[in-house]
Amino acid sequence: SFRTFSSGSALPHAALLLGARRARDLRAHQPTTLSSRLRFRSVMAAVTAAVPRLLLINAFAHGVFAMAAQGVAHGSRSGANALGGSASSGSGATTIPGAGAMSAASPPIVGAAPEAARPNRTRSPQDGGSSPASGAADGGSRGGSKSVAPGPPIEPTVPENSTDWEDAFLWGLYYSKLVVEASEWPTLMWMYDGDGSLAAVPNHMLRAEGMLASAARAASPASKKREKLAEAALRMYYHAKWLAERNYARAAEWRYREASSVAQEAKRSVLAAHSLSRLGYFLMHWKRPDEAREVLRASEKLNIKSNPLAPFLYGVLERQAAGADVERLKAAEERILSAGKQPSDELEADRQDLIREIGFWRLAEESPRQCLKAHDLVQALICGWVHLAVAVNRACFGGMPELDGLATETS
């Protein structure tokens, strides 16, 4: 199996492991004749001289391909600041402490976002225009709260201090859209979310969440309550996505989890699963793979039929962590191969690249001739080096089972 090389930088590790085990076995099985001793030393000298060159070529090729890919990406994504995303509503339920308890009353305002708190935007797992999910339609039946794209949302005509839950819900939608659709977000007023994420968020966002949560829970009858809870969960999902794209990790993470929890309460499993899968996507970008793996597994349990992102990302994480565990590697690859079409063109392109790469390494196991079909120089070098190492091992240590096992492990 050569596929362990495709999931990480296993080449230096395999070379060192091979050299260490050969030195150990040399001490345990000293050649008895001068000719065998000289043959062994000549082979070791050749391998030792070749490894640094291969490593240097490998590093150089990685650098060249990285610079080329960076140039292509820069040229193709210029001006791609408009990030979108959609989520379907589905089912689920676990209430996080503080859900629905956020008051519409505002704590002291922190002020406009400082320069240090304006990070670069992170690409969302979904591109394109956002469309509300079924069962959680945007807007309401009273007061006219529909937004006019691309301008700011229209302020409701009903009083903001009305005691009617429908009026409060309309104002919550208005404040939510005011933040999410803001063109100059750094000028928004920010405040501390002491009841939820314990992080700074836009003032209007926090106010919207409090109004939507309290109004949805006051709705009646029960069917209307579930519908409004689903809509509130969808707005929370959009808030989390807005924050995550700007790398406000703590505030975004709490809102993704809260959106999933409220969606479960509203019996919307697809929206609940999508919230966690998008959180897993951003956790990967925030270099938290263990937490991402846990979140993606939870997302799969909620819904897998309409959730292609979670199994794909989980397969990618497992493939990177598999190392020399061939069974784990094969299981990860099967996840990637069986995952459906991804929610963005970029992720789908990544999936297709991985499918081609997996196919190459599976064929490369059968014959060294397949190395000539490599997609890039790095793959060809790794493939040829491993076949060479296996051939040298069989020629010099054909009667030593441990080294045969080592050849299988490095491949």
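The values are calculated or read from the model by the stated rules, or taken from the named source; none is laboratory data. Model, not experiment: these values are computed from the prediction. Backbone-built Cβ (ideal geometry, glycine too); neighbour counts: all protein chains shown. Each accessible area value is taken on the protein alone, full model and side chains, heavy atoms only, with ligands, DNA and RNA left out. Shrake-Rupley method; radii C 1.70, N 1.55, O 1.52, S 1.80 Å.
A few points about this structure:
- Residues Cys396, Cys383, sorted by accessible area with the largest first, give Cys396, Cys383 [1.4 Å probe; ligands and nucleic acids excluded].
- Here the simple spin-label model places points 7 Å from the Cα toward Cβ, and for Met189 and Glu327 these points are separated by 6.1 nm.
- In straight-distance terms, cross-link reach from Lys305 covers every one of the lysines whose alpha-carbon lies under 17 Å from its own, apart from those fewer than eight places away in the same chain; here that gives Lys267, Lys341.
- Stretch gain in nm, segment Glu334-Asp350, where the contour uses 0.36 nm per residue and the Cα spacing is subtracted: 4.2 nm
- Report note on the peptides 216-228, 200-212, 310-322: ranked by the mean count of other C-beta atoms within 10 Å, highest first, their order is 200-212, 310-322, 216-228.
- Modelled label positions at Ser220 and Asp290, each set 7 Å beyond Cα in the direction of Cβ, lie 4.9 nm from each other.
- Among the protein heavy atoms of the range 222-374, carbon and sulfur supply 49% of the accessible surface, probe 1.4 Å, non-protein parts ignored.
- Ser260 accessible area, assembled protein chains, probe 1.4 Å, Å²: 0
- Rolling a 1.4 Å probe over the protein chains gives Ile154 an accessible area of about 80 Å².
- Accessible-area order (highest first, 1.4 angstrom probe) of the listed residues Thr187, Thr122, Thr163: Thr163, Thr187, Thr122
- The Cα-based radius of gyration of the range 232-295, divided by its Kirkwood radius, gives an Rg/Rh of 0.96.
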